[in-house]
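Visitor: One structure follows; several queries about it will come next.
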Amino acid sequence: MKLLCPVSMSRRETLRIIDQNHSLIVSTPGLLVRLVELLEIAVGKGAGTSSGSGSSSAGGGAGPSGLGQLDQLMTGNMNRQLSRMMRMMMEAHRAARTGEDGESGLSDDEIRVRTQEAIAEAMGVAPSDIDQALGVVGMGGDENMRNSIDAMPLRAEYRGSMSLSQMTVMQHLVELLFSVAILCSGKRKIEVQDILAECGLVHTLGKLFDAMDWTPGHRQGQGPHGPGCQCNPKSAPKIQFLRLVHNFCDRQSRDIRHRLAILSVRNHFRLGRIREIMQALPMYGLAEGGGAARGAKTESEASTTGAAAATGDGEISVAVRHILQIPCMESQYTRDQLALLTKIMDVLGDASGDSPIKFWLATCVESFVRGSGPEAQVFVALGNKNTLLDVVVDEICRGEGTGCGGLQTNFDMLGELVKFNPIVLRILDAKLDERAANGNSQDNNIATERSFEQFMQIVCLHLVDSNVLLRAVLLTVEMERKAGATDAPTRFHAYIDEHRMTLLADMCTIVSAGDVSQENLCCLNSALVFLVFARRHGEAATVIAQLHETERGAPGSVVRNFRQLLWFWTEYYHVRAGDRRSLESSSRMNFLEFAEMVDMLIADDGGELALLKDGSVALDEFEKWKMTCWAAIQEKLDRQVPMFRTCPLIL
């Protein structure tokens, strides 16, 4: 019941202050540009060379050195004398390495001693006071800096060539990435995203991705924040990096030009080919997208229609075949040569189900897919040289990631790819066939059915994790029916039709009203999608009658629990306009359609769609339960804010 408690006054004040601070920071002239420039220094872009290379001469055209940029970007009030002193330190280090008379073969200790003596002379202090006077010395003066750099997930070749300015910024990389990510998620996030895009953030993040070590890891049992915490020096920079990518791509607006750079020219060419093929389908008509009128068929549409007529397959099946024939040019390149999104998908394919960063890798991909059009769903589904779905399906069938969020991550990503996309649904169905064909069974038909049954068994056993995928499949099936698609149905179509009542009853009982949270509220919404579609097809009364006959444990448990959940649903969405818009956006259904369905279910008047009858024992028990819930909520509010005692809840 915690979700039904209004936000406390102190929390509201905190949120107001956060919004004010966010607006103030974003409005600071040049701050976002400065943050991107700091990230550029971390990856070595324009940050000068390492201490072993030559420095630019005075008045030369080579531009400022790394220390000079550090002076400009990080300590704007540092005077020229200190900058000159720091450059003298670099010269002293080079002199110590070669020896004053050009001698070579000095030991590390001799180099360190000579360097400290030269630096101390340049600064006018004793060698023992160098750290106190400056705080940073290139040859191991600051052990904390070097230790923090050594603990970070950096590739060996990058770590060995870092300059002083890079190390200075890199030791604060986690805080820097976190700050930019937070600015990308506030009320002015669209403005921030556009500014960062103009500053070349995507290109800088691509370079930073290459500098980091993305070797797959496993979850740790306990971290600094307690059991289950995954915070450590190796994972923290990766998580904040991926959080920034997610927040930068996440936008509900259809204007997504700010994230075009996340793909390469090759990727955009492939997206264009996929889009051209998909626009020939009825549900993705050109007229709907603002292109040519539906009266005259385009060359692509005519080709798809002709191929469907010649082979006897439906237009969707022909489109799938044409899309799979598009060559994947990414196989010719290494990970360092790929665009940022394809790099992330490459790491996602290698990450195990219990990887501490798998969730963030998947959310980056999902944030790109949302709002990018159906062709982006197909592009991602065929990612990693057409192996991404294979990896996801294998992990689900093995139950990998159960209990640590990995299984739900795979289901959520599959749901985002399948939703309103019959192309991806058929590719997923085909992947299950391929998985069965790769087995050792002598009968491929039996193996295929077993592979599908194994997949759906995991889905049903972990309904809280998988209901988003089930809802996505249901939305796609309904979309095909509405568009009048003539293709042969997939096994997902048949499974939904055959097991509809079992799935609905499970969704009505998998969560109790007292245990509803933001993580499992989606189960209730998925159940309502089932009922809304049943009402559209004139089957709602039959479904409700069958629901009354379905029991879980005690008599009436399904209906009783569902009625309590619906009470929670009405109270929750009544005061949350943002959540109502999110539900509409994710389902492409008007919220009024949900509300009308719920009103009929909770009418309690004995109607054909009402769950409870007026004057029944079940209704009396429900009313008592509801009063108990309101009393508990009121007691919680009284403890939070004294003012609520004079403003009781209206029952």
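Visitor: Pairs only if they're at least six apart or on different chains, beta carbon under 9 angstrom, first in segment 179-201 and farther than 15 Å from LEU31 by Cα, second not in a helix (DSSP H, G or I); list them, first residue then second.
Guide: Close Cβ pairs satisfying both conditions: SER185/ASP250; ILE190/ARG251; ILE190/SER253; ILE190/ASP255.
Results for (1) farther than 16 Å from ASP346 by Cα; (2) at pLDDT below 90; (3) among the small types (Gly, Ala, Ser); (4) in a helix (DSSP H, G or I), shown as yes or no for each residue.
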residue: GLY186; (1), (2), (3), (4): yes, yes, yes, no
residue: VAL192; (1), (2), (3), (4): yes, no, no, yes
residue: THR204; (1), (2), (3), (4): yes, no, no, yes
residue: TRP214; (1), (2), (3), (4): no, no, no, no
residue: HIS218; (1), (2), (3), (4): yes, yes, no, no
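Visitor: With over 19 Å from ASP250 (Cβ atoms) and either touching a residue at least 60 places away in the same chain (Cβ under 8 Å) or outside any helix (DSSP H, G or I) (or both) as the only criterion, which of MET167, MET162 stands out?
Guide: MET162
Visitor: Quick check on segment 591-616: of everything there that is of a type in the set (D, E, K, R) and open to solvent by 30 Å² or more (accessible area, probe 1.4 Å), which residue is nearest to VAL559 (Cα to Cα)?
Guide: So the residue we want is LYS613.
Visitor: Can you list residue pairs whose Cβ atoms sit under 6 Å apart, with the first residue in segment 606-629 being under 26 Å from PHE530 (Cα atoms) and the second being crowded, with 16+ Cβ neighbours inside 10 Å and of a type in the set (Val, Ile, Thr)? Count only pairs 6 or more apart in sequence or on different chains.
Guide: Close Cβ pairs (under 6 Å, with a partner that is crowded, with 16+ Cβ neighbours inside 10 Å and of a type in the set (Val, Ile, Thr)) amount to LEU609/ILE544; LEU611/VAL559.
Residue-by-condition table, conditions (1) under 13 Å from ARG270 (Cβ atoms); (2) modelled with pLDDT of 90 or more; (3) in a helix (DSSP H, G or I):
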site	(1), (2), (3)
VAL318	no, yes, yes
ILE323	yes, yes, yes
PRO327	yes, no, no
GLU330	yes, no, yes
ASP336	no, no, yes
PHE379	yes, yes, yes
ASN384	no, no, yes
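Visitor: Within segment 572-585, restricting attention to residues that are among the hydroxyl-bearing types (Ser, Thr, Tyr) and without any contact (Cβ under 8 Å) to a residue 60 or more places away in the chain, which residue is most open to solvent (accessible area, probe 1.4 Å)?
Guide: Result: SER582.
Visitor: Would you point out which residue out of LEU524, LEU475, LEU504 is touching a Lys or Arg at 6+ places or on another chain (Cβ under 7 Å) and over 25 Å from GLU400 (Cα atoms)? Spell out the reasoning first.
Guide: Values: LEU524 fails: touching a Lys or Arg at 6+ places or on another chain (Cβ under 7 Å); LEU504 fails: touching a Lys or Arg at 6+ places or on another chain (Cβ under 7 Å).
Within the list LEU524, LEU475, LEU504, the selection yields LEU475.
Visitor: For residues that are among the aromatic types (Phe, Trp, Tyr) and farther than 17 Å from GLN518 by Cβ, scanning just segment 569-623, find the one that is modelled with the lowest pLDDT.
Guide: Among those residues, the one meeting the criterion is PHE622.
Visitor: Please name all residue pairs, on different chains or six or more residues apart, with Cβ atoms under 8 Å, provided the first residue is in segment 210-236 and is within 30 Å of GLY44 (Cα to Cα) and of a type in the set (S, T, N, Q) and the second residue is at pLDDT 70 or above and not in a loop (DSSP other than H, G, I, E, B).
Guide: GLN230/ILE239
Visitor: Residues in segment 365-377: is at least one in a helix (DSSP H, G or I), surrounded by fewer than 23 Cβ atoms within 10 Å (Cβ to Cβ) and touching a His at 6+ places or on another chain (Cβ under 6 Å)?
Guide: Looking for residues that are in a helix (DSSP H, G or I), surrounded by fewer than 23 Cβ atoms within 10 Å (Cβ to Cβ) and touching a His at 6+ places or on another chain (Cβ under 6 Å), one finds at least one in segment 365-377, hence yes.
Quick grid of which residues meet (1) touching a strand residue (DSSP E or B) at 6+ places or on another chain (Cβ under 7 Å); (2) open to solvent by 20 Å² or more (accessible area, probe 1.4 Å); (3) assigned to a helix (DSSP H, G or I):
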| position | (1), (2), (3) |
| --- | --- |
| ASP497 | no, yes, yes |
| GLY538 | no, yes, no |
| VAL559 | no, no, yes |
| THR570 | no, yes, yes |
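Visitor: Something else about it: Look through segment 237-273, keep the residues that are of a type in the set (A, V, I, L, M), over 19 Å from SER179 (Cα atoms) and crowded, with 17+ Cβ neighbours inside 10 Å, and return whichever of them is modelled with the lowest pLDDT.
Guide: If we take residues in segment 237-273 being of a type in the set (A, V, I, L, M), over 19 Å from SER179 (Cα atoms) and crowded, with 17+ Cβ neighbours inside 10 Å, then ILE256 is modelled with the lowest pLDDT.
Residues checked against (1) outside any helix (DSSP H, G or I); (2) modelled with pLDDT under 90; (3) under 25 Å from CYS522 (Cα atoms); (4) open to solvent by 10 Å² or more (accessible area, probe 1.4 Å):
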{"site": "CYS404", "(1), (2), (3), (4)": "yes, yes, yes, yes"}
{"site": "ASP412", "(1), (2), (3), (4)": "no, no, yes, yes"}
{"site": "PHE420", "(1), (2), (3), (4)": "yes, no, yes, yes"}
{"site": "VAL424", "(1), (2), (3), (4)": "no, no, yes, no"}
{"site": "ALA430", "(1), (2), (3), (4)": "no, no, no, yes"}
{"site": "GLU434", "(1), (2), (3), (4)": "no, yes, no, yes"}
{"site": "THR448", "(1), (2), (3), (4)": "no, yes, no, yes"}
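Visitor: Let me ask something else. Of all residues being assigned to a helix (DSSP H, G or I) and not β-branched (Val, Ile, Thr) in segment 605-623, which is farthest from the chain's Cα centre (by Cα)? Just the residue, please.
Guide: The residue in question is ASP620.
Visitor: Taking segment 596-626, which residues are farther than 13 Å from THR570 by Cβ and of a type in the set (Lys, Arg)?
Guide: LYS613, LYS624
Visitor: Given the conditions (1) in contact (Cβ under 8 Å) with a residue 40 or more places away in the chain; (2) out of contact with any Gly (no Cβ under 9 Å at 6 or more places or on another chain); (3) buried (at least 18 other Cβ atoms within 10 Å of the Cβ); (4) in a helix (DSSP H, G or I), report the number of the one that LEU389 does not fulfil.
Guide: All conditions pass for LEU389, except number (2).
Visitor: May I ask you to list the residues in segment 502-526 that are of a type in the set (S, T, N, Q), in a helix (DSSP H, G or I) and open to solvent by 20 Å² or more (accessible area, probe 1.4 Å)?
Guide: Within segment 502-526, THR502, THR509 qualify.
Visitor: Read through the list (1) free of Cβ contacts under 8 Å to residues at least 12 places away in the same chain; (2) closer than 22 Å to ASP394 by Cα; (3) not aliphatic (A, V, I, L, M), then give the number of the only condition that PRO327 fails.
Guide: (2)
The values are calculated or read from the model by the stated rules, or taken from the named source; none is laboratory data. Computed from a prediction, not measured in an experiment: that's the story for all the values here. All Cβ positions, even for glycine, are placed from backbone atoms using ideal geometry, and neighbour counts span all protein chains on display. These area figures cover heavy atoms from the full protein model, side chains too; ligands, DNA and RNA do not enter into them. Shrake-Rupley method; radii C 1.70, N 1.55, O 1.52, S 1.80 Å.
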